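Input: a single structure, listed below in structure tokens.
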Amino acid sequence: MFKVNDYVVYGSTGVCQIINISKEKNLSNDEIQYYVLQPVYNIKMVIKAPVNNQKVLMRQIITKDGVSSLIAGMPEKKAIWINDDKQRSENFKVALRTGKSEEWIKIIKTIYLEKEEKFVVGKKLTKIDEDIMKTAEKQLYEEFAIALNISPDKVLPYIIEHI
């Protein structure tokens, strides 16, 4: 069980801090325990998630050592481009929903390399690929930022410096 002040990755919302753990009665008058989550980069939102919720992924954020390990492994990560737009989009969306930093890195690397290849021949990525890449970058950079105690816009320079 997580504790108050822990940072977690909560579904596609991204990094949240647990600001409270409360108990409330539901419509059946059963007492349910909830995490009260504050998205770190959207302070206007508060989320209440049942402690025993199995539908939405919630996991502890990566450690600073974990970030270093992932960065060190980035050059060896395989980029796997799927030519079929629909299949590629579905595979990327499934990978995004895993909530795993490793999957986000694969997505970013794969799309980035394809973007470079297309640029050379005067083409652009599809809007869907651009959007998926932005989502993966947002998730990864926000998590790394908390782990490294830096702002999300400093994460890419940090990664480049440490590869």
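Here are I107, I132: which of them is in contact with a Lys or Arg (Cβ under 9 Å, 6 or more places away or on another chain), of a type in the set (A, V, I, L, M, F, W, C) and either crowded, with 21+ Cβ neighbours inside 10 Å or outside any helix (DSSP H, G or I) (or both)? It would help to see each step written out before you state the result.
Working: I107 fails: in contact with a Lys or Arg (Cβ under 9 Å, 6 or more places away or on another chain).
One residue alone meets the criteria, I132.
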- Any idea which residue in the range 2-12 is nearest to the chain's Cα centre (by Cα), counting only those that are in a loop (DSSP other than H, G, I, E, B) and on the phi < 0 side of the Ramachandran plot? S12
- Query: Can you spot a residue in the range 108-124 that is within 12 Å of the chain's Cα centre (by Cα) and within 24 Å of K55 (Cα to Cα)?
  - Reply: no
- Got a sec? Which strands (runs of 3 or more DSSP E) wholly within the range 13-61 have at least 1 residues that are exposed (fewer than 11 other Cβ atoms within 10 Å of the Cβ) and without any contact (Cβ under 8 Å) to a residue 12 or more places away in the chain? 14-25, 31-39
- The listed residue being touching a strand residue (DSSP E or B) at 6+ places or on another chain (Cβ under 9 Å), at pLDDT 95 or above and either assigned by TED's automatic domain parsing to the domain that holds M133 or not basic (K, R) (or both), out of V56, V36, V67: V36
- Query: Residues of the range 125-148 being free of Cβ contacts under 8 Å to residues at least 60 places away in the same chain and more than 12 Å from the chain's Cα centre (by Cα), which ones?
  - Reply: L125, T126, K127, I128, D129, E130, D131
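Considering each of K55, K78, K44, K48 in turn, give the residue that is within 17 Å of I163 (Cα to Cα) and among the basic types (K, R).
Checking each option against the conditions leaves just K78.
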- Test result for R88, outside the structural domain of C16 (by TED's automatic domain parsing), loosely packed, with under 14 Cβ neighbours inside 10 Å and of a type in the set (K, R): no
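The values are calculated or read from the model by the stated rules, or taken from the named source; none is laboratory data. A quick note: this is a predicted structure, and the numbers were derived from the prediction, not measured. Reconstructed Cβ throughout: ideal geometry from the backbone, glycine too, with neighbour counts over all protein chains shown.
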